Each structure stands twice: as C-alpha cells, then as structure tokens.
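Here is the structure we will look at, set down as structure tokens.
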Amino acid sequence: MFWNYCQEKYTDDFNLLNNAIQSQTSPRTKIAFLRQFHQKLSTFAIDSKRNNDLNNPRHYLAAILAFSIWGTFSLVLKPLHSYASSDILFYRVFSCALIMSLVSLLFKREKLKQNLNYFKSISKKEKRKTIIVNIGSSILLTGNWFSFIYVMNHVSVRATSVAYLVCPIITTILAYFILKDKLSKLQWLSVFLSLVGCILLSYTNILDMFYSSLIGFTYAAYLVCQSQNKQFDKFLILNFHIVISALILLPFFPAYSGPVPTEFKFYFFVEIIAIMYTIVPLLLNLFALTGIASSKVGMILNINPIIAFILASTVYGEPLNPIQICAYGLIFLAVIIFNAKEIFRLKTEKL
C-alpha cells in the first residue's frame, strides 16, 4: 500500500525517473536524478511515519518527562550560585561534549557511518542547508544555556520560568510560518490565552520580560530548527551540537573562566546538570519531535515553568500574588485546550 501510494503521489517523478534511465543522458546526470528522487522518497517515508506516530503516546510522554526534568533545574543550579555563570556553562558544555563523544565513538560507530553515508548522498544544496541549520542550532543552544544560567543565578528563578512560558508562543508562531504547522481555532485560542498569561506575569517587571523573551526565543528557534534533522540519528545530532558549542566556547575559556574550582560540590552538581539536565532531556525532546509537531511540543513545554514557579514560591520563598496565580491558571488552561484532541482521544481509547 505504501508503494502504491508513493506511485500515486509521485506519478510525474516516476515517469521522469523512467525516462531518465532509458534516455542517453550521461551516468552522472542519472545518478544525480536518482539521488534527488531517493531524497524525496526518504522525506516522504519519514513524514508518513511521523504522522502515524502522532497516535503513539510515547512521544507525548517523552516531551512531558523532558520538560518536567527541566522544571526542577533550580534544585541543582541554585547550589552553584556562588560560581560565575560562565564557569558553570564552560564545564557543563565541555563535560557533555566529552561524555557524548566517547559514547558515540564506542557504541554508535555503525550509526555514525550510516549518517555520514547519507550526508554524502544528498545534494550540495541540502548539504549546505544541513550544515547551516546545525551550526545555527549549536549557537542558539549555547546562547540559551548561558542566558538561562545567568538569569537563574543573578536575576530570579521566576524570570527563567516566564522565559519558558513565552517560548511556547514563539515556537508555535515560528512553526506556523516556517514549518507550515496547521492550527485549529481552539489552538489559536490557547496561544492567545498563553499570551495574556505572559503579559500578566510581566506586568510588574519589564526587564524580567526582556530576559525571558531572549531565553524563550533562543530555545524556540532551536526547536524549530530540529525539524530539518529527521533523517539523522538523534544522539549523533545532539553530540554534534554540543561539540560545536564547546568549540565556540573554547577560545573564551582562558580569558573568561575563573580560578579552577576545587570543591567537590561544583563537579558533582555540574555532572548531574550535564547528564540528567542536558543530555537526557534533550534526547527525550528530540525523540518527541519525531512524532509530535513543533507547535505541540512548544505548548507541552509550559509544564517546565509551572513546576519552576511552584519551586520558586515554595522552596525559594519568592512571593506569588493573585495576578500571577490567575496568569498560571490561564496558561495551564491553554495547554489543556491546545492538546485537547489528543487528551480526549487517549481517554476514549482507554474506555
């Protein structure tokens, strides 16, 4: 059935392929045409699998788990508040790059060969696009991490929480215009409710909103960029992003790093951040994006700041006023509305 559907969808391409093979054109031209046709079929197969996987709750569970982990980030980051944000970032990224590169070389060599062969098979235009997207993703990820750590330790936990309330709105809008994700009227209503909630939260502090928007935009843009990496292994792509991030930071390390930390506590928390708050949730996030539209992942992201706000008020004693409670209520309602179709479908299936 899949092959028949491909023939129907790509009738003109099949005819062109047949003519090209039977024609007297040069072997180089035929190979170029075959590569282009193979790329179309590969993309179609991945998109078909992605659409089928929308019925699989594993992708939703992966997104929920990833953002729930990030929601508790302050528990391991606050103990390092006496260290410079740049030092935390340097050691976090270098540690992640080392761990992931070792795992790739020891356990992912076959996947690495397959991915390199695929990269060699695509056109020059696609190669250039892939390189630009992934280097850009590394820069966005580096900027997001530094701004998050700085704001968390030197501004407020609440400002970072607002960032990940702004992020879903930015992600949804970027996905709509760039990826052509389709949104229903109810989903647009949920975007509007989220926006109202964010405006209420930023009403008393415009500077916090500026920091929040910066953090939110860098991660939203990163999420949208990952839709271009569906053909590559998720672990290897993340490894590439983190290695490039480490190379970006390396020239700044001698000038901007402080004295080498001597406390065991620093390395203990940095390794927890590197593995449990960087590698694991990012892999879960990339897995979720293979089966859920970017706009939906963006809205599920609201779980992160809701948990962070609860911690800010209960653990760190940051006051929570009635306006903020109302704003969180609106945002939580927006998440339910945005994913209402999937929530009610899963309940119906269980019944």
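For this structure, a couple of remarks:
- Taking the Cα centre of the range 100-219 as origin and assigning +1 to Lys and Arg Cβ atoms and -1 to Asp and Glu Cβ atoms, the resulting dipole is close to 860 debye.
- The distance between label points at Val76 and Phe210 comes to 3.2 nm (points 7 Å beyond Cα on the Cα→Cβ vector).
- Sites Ile199 and Lys127, calculated FRET efficiency, Cβ-Cβ separation with R0 41 Å, nearest 0.05: 0.45
- Separation in nanometres of the label points that stand 7 Å from Cα toward Cβ, at Trp188 and Ala255: 4.8
- Surface per residue (accessible, 1.4 Å probe) for the range 211-325, Å²: 41
- Normalising the Debye intensity of the range 106-202 to I(0), with uniform scatterers on Cα atoms only, and taking log10 at q = 0.24 Å⁻¹ returns -1.19.
- Largest first, the residues Thr262, Thr314, Thr278 sort by 1.4 Å accessible area into Thr262, Thr314, Thr278.
- Scaled to the globular estimate 2.2 N^0.38 Å, the Cα spread of the range 194-244, given as radius of gyration, is 1.60.
- Once you reduce the range 177-191 and the range 274-332 to the center of their Cα atoms, the two points are 20 Å from each other.
- For the range 151-216, the relative contact order is 57 percent, taking Cα pairs closer than 8 Å that sit 6 or more residues apart in sequence and dividing their mean separation by the residue count.
- Counting only protein heavy atoms and using a 1.4 Å probe, the accessible area of Tyr83 comes to about 30 Å².
- Solvent-accessible area of Lys125 with every protein chain in place, 1.4 Å probe, in Å² to the nearest 10: 150
- Counting only protein heavy atoms and using a 1.4 Å probe, the accessible area of Arg128 comes to about 140 Å².
- Per-selection Kirkwood Rh - the range 126-182 (Cα, Å, 1 d.p.): 13.2
- Overall, the accessible surface of the range 159-309 at a probe of 1.4 angstrom is composed of carbon and sulfur to the extent of 76 percent.
The values are calculated or read from the model by the stated rules, or taken from the named source; none is laboratory data. None of the values given here were measured: they were computed from a predicted structure. Ideal geometry is used to build each Cβ from the backbone, glycine not excepted, and the neighbour counts take in all protein chains shown. Surface areas here come from the heavy atoms of the whole protein model, side chains and all, with no ligands, DNA or RNA. Shrake-Rupley method; radii C 1.70, N 1.55, O 1.52, S 1.80 Å.
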